[in-house]
1. Please calculate the 1.4 Å probe accessible area of residue 171, with all protein chains present, and give it to the nearest 10 Å².
2. Nearest 20 debye, what's the magnitude of the dipole of the chain about its Cα centre given +1 on Lys and Arg Cβ and -1 on Asp and Glu Cβ?
3. Between residue 252 and residue 234, how many nm apart are label points set 7 Å from Cα along the C-beta direction?
4. For the range 77-165, which trypsin sites (Lys or Arg not before Pro) pass both filters: DSSP loop (anything but H, G, I, E, B) and at most 15 other C-beta atoms within 10 Å?
5. Apply 1/(1 + (r/R0)^6) to the Cβ-Cβ distance of residue 210 and residue 99, taking R0 = 35 Å, and write down the FRET efficiency to the nearest 0.05.
6. Local charge sum around residue 83 (other residues, Cβ-Cβ under 9 Å, Lys/Arg +1, Asp/Glu -1)?
7. For the chain, what is the calculated [θ] at 222 nm in deg cm²/dmol (nearest 500), taking -39500 (n - 2.57) for each run of four or more DSSP H residues and dividing by its residue count?
8. On the principal axes of its Cα set, how long, how wide and how thick is the range 41-81? Give whole Å, largest value first.
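The values are calculated or read from the model by the stated rules, or taken from the named source; none is laboratory data. Because the structure is a prediction, the values reported are computed rather than measured. Backbone-built Cβ (ideal geometry, glycine too); neighbour counts: all protein chains shown. Protein only, heavy atoms only, side chains kept; ligands, DNA and RNA dropped before computing areas. Shrake-Rupley method; radii C 1.70, N 1.55, O 1.52, S 1.80 Å.
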Amino acid sequence: MANRPKKVLTIAGSDCSGGAGLQADLKTFQERGVYGMTAVTCLVAMEPATWHHIVKPVDMEMIQTQIKTILDGINGVDALKTGMLPTADIIKQVGIMLKDCGVKHIVIDPVMVCKGAGQPLFPENTAAMIKYLLPVAEVVTPNTFEAEQLAGVPEIKTLDDVFEAAIKIQSLGAKNVIIKAARVFKGKAINVLFDGKALYKYELDKVRTKWTHGAGCSFSACVTAELAKKAKVLEAFQTATDFVNEGLKKSFPLNGFVGPIWHKAYAEAGN
Ligand code: PXL
């Protein structure tokens, strides 16, 4: 059969609210025309009255079994991404399984904290990401907070700081680094790509909204889908930036605490 869809895997946590985590990844995969599969690393639920996050890791053996099911049991996985990996041990095991796994495109979203959860994941997780995940990454997609942790730099405040962090993180072993740097600028949203040779900046008008849940997960999922479809990293970077920017224009509240991007917005805008 001609034109079979590309097959992509996300190794990520479940966000029961549906906006972030593997739910965001699957929605993004579907929108971008690829077939999505999952290895669930943890379950996230929230206290309804406070939106306090409760995170329960899945046991290690079951995480490994899910990844084996896909990598050893499915013919030809075109790309994969990682999302929330809740413990340093899980980060290490996933990194070991991805090294030499043969999947051509690996995107690492170094999730360290849920927006609004207020409970950063731990420094030993950052160390494990640097040791086990950056070396297997074709692309790593930190936000500015995650970039500060990975690069070991103080607060990123200027475009030059973003460039410096991208170069540092690339030197730790990721082939390409994309920093989602919207936080740093007023009025504009700038993402930066460093591919080991050149720095690229992609600038759009910032979407003024409080409802940004799942933007990061959806960004890395879109990069993964585009790479699976044989886009170059630079093209995937631009498409993912546009995809999330459109999604933010139509984001909406679920309650007083949280509101996701609307994954269909990019297609609805005629793309
Ligand atoms: O947005 C980061 C994130 C990633 N993965 C899961 C989450 C969240 C934030 O809520 O729940 C599963």
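1. Approximately 90 Å² of residue 171 is accessible to the 1.4 Å probe.
2. Working: 31 positive and 27 negative charges, 118 e Å.
That gives the chain a dipole magnitude of about 560 debye.
3. 3.8 nm
4. 99, 104, 115, 157
5. It comes to 0.30.
6. Charge balance near residue 83 sits at -1.
7. Calculated from helices alone, the mean residue ellipticity at 222 nm is -11000 deg cm²/dmol.
8. Taking max minus min along each principal axis of the Cα atoms, the range 41-81 gives 45, 22, 11 Å.
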